[in-house]
Structures are given as structure tokens and as C-alpha cells.
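Asker: First, the structure itself, so that you have it in front of you.
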Number of protein chains: 2
Amino acid sequence: MLNYFSSDFKLGILGGGQLGKMMLYETRKFDIQTHVIDPNPEAPSRIACNYFEQGDLMDYETVLKFGRNVDVLTFEIEGVNIEALKKLEEEGIKTYPSAATLEKIQNKGIQKNFYLNNKIPTAGFDIFSSKKALLDAIEEGKRKFPFVWKSTTGGYDGKGVAVIKSKADLKELSEAECIAEEMIPFKNELAVIVARNPSGEVKTYPVVEMEFHPTANQVEYVICPARIDPEVAKKARNLAKKVSEAFQHVGLLAVEMFQTKEDNILVNEVAPRPHNSGHYSIESSYTNQFEQHIRAVLDLPLGNTNSKVGGIMVNLVGDENHEGEVLYENIEKIMAINGVTPHIYGKKITRPFRKMGHVTIINEEIQEARKIAEEVKNLIKVISKK
Amino acid sequence: MLNYFSSDFKLGILGGGQLGKMMLYETRKFDIQTHVIDPNPEAPSRIACNYFEQGDLMDYETVLKFGRNVDVLTFEIEGVNIEALKKLEEEGIKTYPSAATLEKIQNKGIQKNFYLNNKIPTAGFDIFSSKKALLDAIEEGKRKFPFVWKSTTGGYDGKGVAVIKSKADLKELSEAECIAEEMIPFKNELAVIVARNPSGEVKTYPVVEMEFHPTANQVEYVICPARIDPEVAKKARNLAKKVSEAFQHVGLLAVEMFQTKEDNILVNEVAPRPHNSGHYSIESSYTNQFEQHIRAVLDLPLGNTNSKVGGIMVNLVGDENHEGEVLYENIEKIMAINGVTPHIYGKKITRPFRKMGHVTIINEEIQEARKIAEEVKNLIKVISKK
């Protein structure tokens, strides 16, 4: 085994956002040296790494040059130059997840075909090379309303996804390659994080549940454990494990799933990195997702994925009526509540709906945590200074 | 309330060792700006703060200049220039713990007299202005063997303390001012961490127990909760709270205590900062001691001090036969055990008995954690590279 701890070993991280920032808590805990690159010179991860560089993650030469100075390379965002990763792998730099795995995930059309080929249940879909091809199919009656439209590339935080119910909804769509997906009338939206290391050790985290706002189509709470039947939970964890193994994925893979009305589980999509749905783990789990990611990519033994206590995560997004220097109104009030921990990502400027942080609520009783989560959501506001 | 989060507010920390390093995980989590000063340019806290400076913490001008650039000043080590703290307080820089509190603690003679004056039970003692004064008292029969000798200043990690059973043991003692303390035949050595903020909110952590090696006089395990009668635990927490309030202490105060054979609780000594006996809290507690210290010194509401699960801490000290570039032998083996987390402080060079890190073992059952802790202790070795 390589000596990672207080040694000359260097882990490279492509991307310096909040996911990278939370990864760095763990590299500091283990005293593992890190290099970070991000296009934003004020990126949340610029502090707490050993070396920070400003650079374009989609630029071949930039990624290649950055990668050549580290021993193992990972990423906290999918939008990175895959050709550079391939070249680095050829040169002997370990890249986890691998370029081959990322290639199967980065394009949602390829990802969906991968599920078909690997007999992984997923919603029915068609791929269209352009908006025109989609419109033609509708015109010819081959594609009926309603459906879910997804851009095959570049989607993030709900961007690049739209529910299409009629011709009027088509107007705003981009010209890019896209998929049209069957709408699943699901009971629950679930997620399972899978950790897998190069030696093939695999562990799944408990199933989390995304609770939506009753009227607005927006996730309000990520709840662990999901309030579902244990048999359904077992099925979801097994399916997530199957997906990770099919991809030969190394690191963390967040598998988002639908629980249908018939209690079938369909894979929606995956993210090959620590994930918003795993933030609860910092306070709840024996091993949080960021430590687990570091363990996985360094081929260390995976940690216990069980929870110590129930956890609920609430995203802190910028208030829709505020833009400017951020102020976390009532943060001291939520901190006065038992088991409440705010995480502030370090973005100085708030904008409507910008992800600025999250709050974790832990409690031995998940129903009690759920009540407190609502109280927290009603109290805290991400606004700008007057 | 001041706006601490992603703002221009600056917290200054005197000392950049492992305690400071672990504090910085929490300031990063809250995105609070930090300035750190330490005499060692390679100090564990040099990374993850916003500004690092090399400097002498006992030098008046250095501390004054450093403190003038921050809004609130705290420390992670007692050995700092108190006159500079006083001057900064006069100038309106908030210093927590205060210079007045630190002054009562820094000198063990003053600390012991403080206990007497405040009716806080502690072992009987005499103060001697020099070694000669102590020797004279022994000669005149005023001081009998055995007793515990303590230097009034500069003691740390067991240095500056000796058990004196006969004249022969006196030889090695320094010339400094000292106290001679009654030897307490204790059942258990206990500790309670108290958090107190400037508004006067006080919370105590559960009692921890120091388990000693059966033959060597060395703490092997710090165990939370202590395996003691709940009535004794309650008494210890109440006493610790009384001590904190007597000192008007702000921040964390670690109160080390003896449980006598008659189940009386005597205060041994205090440390006005996060403490080795609270490291378990990172994994075990709803609010870990470092987050709690930050909350306290910023006058934020204090967090829940309860434990999610039982925790045991084992110090990682340098093997007595090794000196040089550090290697953590078998670290991957202990990481394969459920609930085991190593913390590596980031010191490149190991020396016999140097504190290099610690390992936390958590488990719902404290007896099970205790078994695993022994396994961990037998496996991991802090050695130097061949």
C-alpha cells in the first residue's frame, strides 16, 4: 500500500466547489496532500488544499498539466476533459472514477443505453440528435405528450431537464442532443450512495428519500432513512450496488431512483461523486460520504455506512428576491435548536436559488427531525445585506 | 449579533498545533475567516486558515500586533503573553478566554489558591517559591513524603509533574516555583468539558474516564461515557460547571478530576481550551468540542453536548525506538474495523512519545468499543521510515 499519511503523496481534485471543500475536511483529518483546480479564483476549496490553481476543467492541456503533478486524480464535478483523463491514465496516473466510467455517465443518452444493455430498470426513452429530430418525431406521431425532456450533456441542479406536456412547452428547449423519457408516476424519489474501491470492495449507504414541496416541484428535505418499507429499501440498495458494479465505478456513485406505484425501482440517473443527497452523512453516519470517497479512491478499506442517528438535510439556497453580499438571517436562531448544524459553502454573493449551503438536522427519531427541519426551513433566510 | 458567516469578521487563534487544526475544520464549515500564529512555520494549522504568521506567542509586541488585526481572539495553548491580551482587551478586542481568567489558570499555584478561595474541593497543597524552599520544608519536617510535585508554570503533557516518594526523587526537579500536593488514592481519573459563552449560557459534556495502563503510569484510553455511577457523574458535572462559573470562563474549560475511594470529587487541574479528553466528541457528540469552542467564543448558542454513540480515544504517540520521517504502520488495518477513525495531526517527524495523532473508536456499546480500542492499540505503530 502507498503511504498517504503525512507523506509526499498527492491527491488531485478537479473542481473546487462545496463538494471539494467538504472533501478537504477529510484530507486534512488524514493529513493527505491535495492539489485543487477550479475556474473560479474564489472557489470554496481554494483554502485547506496544499496547492490551488485557477484553470478550465474542460481544457485538455490544463487538465493534463495539472494531473501530471499528482499521484491519484479524482473530481467533484462531471464536467471535466475526458481526453485528458485518458491520456493521464496512459501515463500511469490513477484516475478515479476512470475516464471510461465517466464517459458512460457524462452523456445521458449513453448512460440510458448503458442501463438497457446491462438490464438495469429505467424509464423508457428515445434519443434525438437535435431539437429538430425531436420535433419531427412529434410531428410524425412517434413521440407523444407528456414526456420528460433532458439535454444529454451539461445538466446540473435541475438545469437541462423539463416536463413537456404540450407543443407550447417545446419552445424554450435548447437545440442540443436530447432524450425524451417516459413520465413515471412515482410514489417516492429515492437515492442510494454506493462506495467502491479499486480492489472491488463495495458498500451502500441507507436509502434516502427526497421529500418534495406539496405544490412547488422542488425537493425540500432529504431524509435518511427513507420512510419506506424495508423490503423496498433492500431492493433499492441492491439495485444501486448492481449499477456501481456494472459501471466498474471507483469512488462514490449517487444513484437516484424512482419508487413506482407498484413498488418497482427504476434508476433515474447517477452522479459519480459525493452528492447533495449524502450531505446528511457528515453528522449522521459512522463514515461520512466525503471520507468514504477519499477511502475509495485511495483503495483504503471502506468505512461503516450505517447511521448513528437519523438525519435530514435542507438546502440553503439564495432567496429569490435577493442578490448581493450574503447574509444568513436567523442563523443564530437555528443554531439554538438541538441537533442543527449549518454548513456555509463560502460564496460571498447570493443570487436567487443559488446553492449557498445546507443545514443538517439530526435526531434519534426521524419524525422529530422532520418537525425540526420544517422549523429550520421557516426560520433561516439567505438574503443580501441592505 | 455580529455577522460571522462569509463576512469580513476575523477570528484570531494563538497557537497552530493540532487543537487549532481541528478548530479550523469548524471555521471552514461555517466559513468564518481565521488568522493563526505559531512559532513553527510547519505548524499543523498553517493550512486551512485565511492568514498564517510565524511568531513567538510569549512575545508582547508579536501578540499585540497579531491581535490588532482580528475581531475576536482565542488560543489553543495557555502559554501566551497575558500582558498583550490585557492591552488588546483595553483596545476593545474581545479575548476569550479573558486575560483575567487565563491569569488565574496559567500559574498552578494561583489556580490552587483560587480553588481554596472559591470552596472548590481539591487536593491539599503547599506552594514553594523555589526548589530550595521545598527542600528546607522537607528538612524541617513540614513536608512529608510522598507528595506530588508540580512546577507552577510551563507544565504540559505530563511534563512538570513528578511523584516524590523519597529524597532520591528530588534530584531531578527544576529550581522553579512549585507546589507539593497531597497524593490522592483515587478510584478514577475523570474529566468534564464545560462550554460557556459571554452571555453566560453553560453546558457540560458527559463525564469521561481516563483508563490507565495496568503497570505503566500512562493514560491508555479516554472513555465516554465514564463507567461510573450516574450519581457520581452528576456530581462531577455539577462541580465542573461550578468551576467554569467561578472562573467566569468563556470558551471551553476542561476540568480534570479525581474520584476518591469515598466517591468524593476533587478538582485536579483545568485547561482553558479544547482538550485531548474531548477528542472523542468529533465522532460521538451532537456538537464536537471544537465547534462548541467556536460557538462559545463568538457568543453563539451552545450546541447539544449529548453523545450519539459511545466513544473511546487512543492517542497516537511516537514509538520509543523511532525518530525520523513518520510512517503509520497498519493504519489501513485499523481503518478496516467498524467505527474506527484515525486523526493524523500532520507532523512529519516522529520522536519517542511525541503526540502525532489520535484514533477514535465509536460504537453503540461502550464495552464493545473498549474491546476494539485494545485491538487498535495493539495494531497501529507510529514508526519512522527505514
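The values are calculated or read from the model by the stated rules, or taken from the named source; none is laboratory data. Keep in mind the model is a prediction, meaning the values are calculated, not measured. Note that we place each Cβ from the backbone using ideal geometry, even for glycine, and neighbour counts take in every protein chain shown. Just the protein is used for accessible areas: all its heavy atoms, side chains included, with ligands, DNA and RNA removed. Shrake-Rupley method; radii C 1.70, N 1.55, O 1.52, S 1.80 Å.
Asker: Return the pairs, sorted by first residue and then second, in which the second residue is open to solvent by 30 Å² or more (accessible area, probe 1.4 Å) and of a type in the set (D, E, K, R), the first residue lies in region A:254-266 and is touching a residue at least 60 places away in the same chain (Cβ under 8 Å), the beta carbons are less than 7 Å apart, and the residues are 6+ apart or on different chains.
Answerer: A:GLU256/A:GLU269; A:GLN259/A:LYS187; A:THR260/A:LYS187; A:LYS261/A:LYS187; A:ILE265/A:LYS235
Asker: Only one of (1) within 14 Å of A:GLU177 (Cα to Cα); (2) surrounded by fewer than 18 Cβ atoms within 10 Å (Cβ to Cβ) is not met by A:LEU116, so which one is it?
Answerer: (1)
Asker: Please specify each residue of region A:158-206 satisfying the condition of being open to solvent by 10 Å² or more (accessible area, probe 1.4 Å) and polar (S, T, N, Q).
Answerer: Matches in region A:158-206: A:SER166, A:SER174, A:ASN188, A:SER199, A:THR204.
Asker: Follow-up question, since we're still on this one. Just a yes or no: is a residue in region B:70-78 open to solvent by 10 Å² or more (accessible area, probe 1.4 Å), farther than 27 Å from A:ARG46 by Cβ, in contact (Cβ under 8 Å) with a residue 60 or more places away in the chain and of a type in the set (Val, Ile, Thr)?
Answerer: Checked region B:70-78: at least one residue is open to solvent by 10 Å² or more (accessible area, probe 1.4 Å), farther than 27 Å from A:ARG46 by Cβ, in contact (Cβ under 8 Å) with a residue 60 or more places away in the chain and of a type in the set (Val, Ile, Thr).
Asker: Run down B:ILE110, B:ILE138, B:ILE93 and say which single residue is surrounded by fewer than 19 Cβ atoms within 10 Å (Cβ to Cβ) and within 22 Å of the chain's Cα centre (by Cα).
Answerer: B:ILE110
Asker: While we're looking at this one, here's another question. In region A:212-225, which residues are at pLDDT 95 or above and open to solvent by less than 40 Å² (accessible area, probe 1.4 Å)?
Answerer: Hits for region A:212-225 are A:TYR221, A:VAL222, A:ILE223, A:CYS224.
Asker: Collect the residues in region B:190-210 that are part of a strand (DSSP E or B) and either outside the structural domain of B:GLN292 (by TED's automatic domain parsing) or free of Cβ contacts under 8 Å to residues at least 40 places away in the same chain (or both), keeping them in residue-number order. Even if it seems obvious, please write down each step before you answer.
Answerer: In the first step, residues of region B:190-210 are kept if they are part of a strand (DSSP E or B); the result is B:190-196, B:202-204, B:208-210.
Passing the criteria: only B:GLU209.
Asker: Working only within region B:362-379, note down all residues that are closer than 23 Å to B:LYS21 by Cβ, more than 8 Å from every other protein chain (Cβ to nearest Cβ) and part of a strand (DSSP E or B).
Answerer: If the condition is that a residue be closer than 23 Å to B:LYS21 by Cβ, more than 8 Å from every other protein chain (Cβ to nearest Cβ) and part of a strand (DSSP E or B), then no residue fits.
Asker: Here's a follow-up. In region A:19-37, what count of residues is obtained for those that are in contact with a strand residue (DSSP E or B) (Cβ under 7 Å, 6 or more places away or on another chain) and more than 8 Å from every other protein chain (Cβ to nearest Cβ)?
Answerer: 9
Asker: Counting residues that are closer than 23 Å to B:GLY200 by Cα, which helices (runs of 4 or more DSSP H) fully inside region B:15-119 reach at least 1?
Answerer: B:18-29, B:82-90, B:99-106, B:108-117
Asker: A:ASN304: at pLDDT 95 or above, within 16 Å of A:ALA373 (Cβ to Cβ) and not aromatic (Phe, Trp, Tyr), yes or no?
Answerer: no
Asker: Oh, and also: Can you tell me which residues in region B:303-313 are at the interface with chain A (Cβ under 8 Å from one of its Cβ atoms) and of a type in the set (Val, Ile, Thr)?
Answerer: Matches in region B:303-313: B:VAL309 only.
Asker: Taking A:ASN81 as the residue in question, decide whether it is among the polar types (S, T, N, Q), crowded, with 19+ Cβ neighbours inside 10 Å and outside the structural domain of A:ASN197 (by TED's automatic domain parsing).
Answerer: Taking the combined requirement at face value, the residue satisfies it.
Asker: I'm trying to understand the selection: among the residues of region A:311-326, which are out of contact with any strand residue (DSSP E or B) (no Cβ under 6 Å at 6 or more places or on another chain) and of a type outside the set (D, E, K, R)?
Answerer: The answer is A:ASN321, and nothing else.
Asker: Here's something else I'd like to know. Looking only at region B:10-56, count how many residues are under 19 Å from B:PRO97 (Cβ atoms), open to solvent by less than 10 Å² (accessible area, probe 1.4 Å) and either touching a residue at least 60 places away in the same chain (Cβ under 8 Å) or of a type in the set (Asp, Glu) (or both).
Answerer: Residues that pass the stated criteria total 10.
Asker: Could you tell me whether region B:348-356 includes any residue that is in the same structural domain as B:PRO198 (by TED's automatic domain parsing), farther than 30 Å from B:PRO41 by Cα and open to solvent by 40 Å² or more (accessible area, probe 1.4 Å)?
Answerer: No, every residue in region B:348-356 fails to be in the same structural domain as B:PRO198 (by TED's automatic domain parsing), farther than 30 Å from B:PRO41 by Cα and open to solvent by 40 Å² or more (accessible area, probe 1.4 Å).
Asker: Going through B:VAL340, B:VAL326 one at a time, which residue ends up being aliphatic (A, V, I, L, M), more than 27 Å from B:TYR205 (Cβ to Cβ) and at the interface with chain A (Cβ under 9 Å from one of its Cβ atoms)? Reasoning before the result, please.
Answerer: Details: B:VAL340 fails: more than 27 Å from B:TYR205 (Cβ to Cβ).
After applying the criteria, what remains is B:VAL326.
Asker: Ok, one more. Any residue at all in region A:51-73 that's on the phi < 0 side of the Ramachandran plot and within 14 Å of another protein chain (Cβ to nearest Cβ)?
Answerer: Yes, because at least one residue in region A:51-73 is on the phi < 0 side of the Ramachandran plot and within 14 Å of another protein chain (Cβ to nearest Cβ).
Asker: Mind checking which pairs have a first residue in region B:362-386 that is at pLDDT below 95 and a second that is open to solvent by 80 Å² or more (accessible area, probe 1.4 Å), Cβ under 6 Å, 6 or more apart or different chains?
Answerer: B:LYS385/B:GLU325
Asker: Here is a follow-up. Evaluate the following for B:ALA226: is it part of a loop (DSSP other than H, G, I, E, B), closer than 23 Å to B:VAL340 by Cβ and not basic (Lys, Arg)?
Answerer: yes
Asker: Scan region A:121-154 for residues that are of a type in the set (A, V, I, L, M) and assigned to a strand (DSSP E or B) and report the count.
Answerer: Looking only at that region, the number is 2.
Asker: Go through region A:348-361 and report how many residues are more than 7 Å from every other protein chain (Cβ to nearest Cβ) and in contact (Cβ under 8 Å) with a residue 40 or more places away in the chain.
Answerer: Within region A:348-361, residues that are more than 7 Å from every other protein chain (Cβ to nearest Cβ) and in contact (Cβ under 8 Å) with a residue 40 or more places away in the chain number 7.
Asker: Does A:GLN218 satisfy the criteria of being without any contact (Cβ under 8 Å) to a residue 24 or more places away in the chain and polar (S, T, N, Q)? It would help to see each step written out before you state the result.
Answerer: Working: without any contact (Cβ under 8 Å) to a residue 24 or more places away in the chain: yes; polar (S, T, N, Q): yes.
So A:GLN218 fits the description; yes.
Asker: In the set A:LEU316, A:LEU300, which member is in contact with a His (Cβ under 9 Å, 6 or more places away or on another chain) and either among the hydrophobic types (A, V, I, L, M, F, W, C) or within 7 Å of chain B (Cβ to nearest Cβ) (or both)? Lay out the reasoning, then the answer.
Answerer: Working: A:LEU300 fails: in contact with a His (Cβ under 9 Å, 6 or more places away or on another chain).
Matching residue, one of A:LEU316, A:LEU300: A:LEU316.
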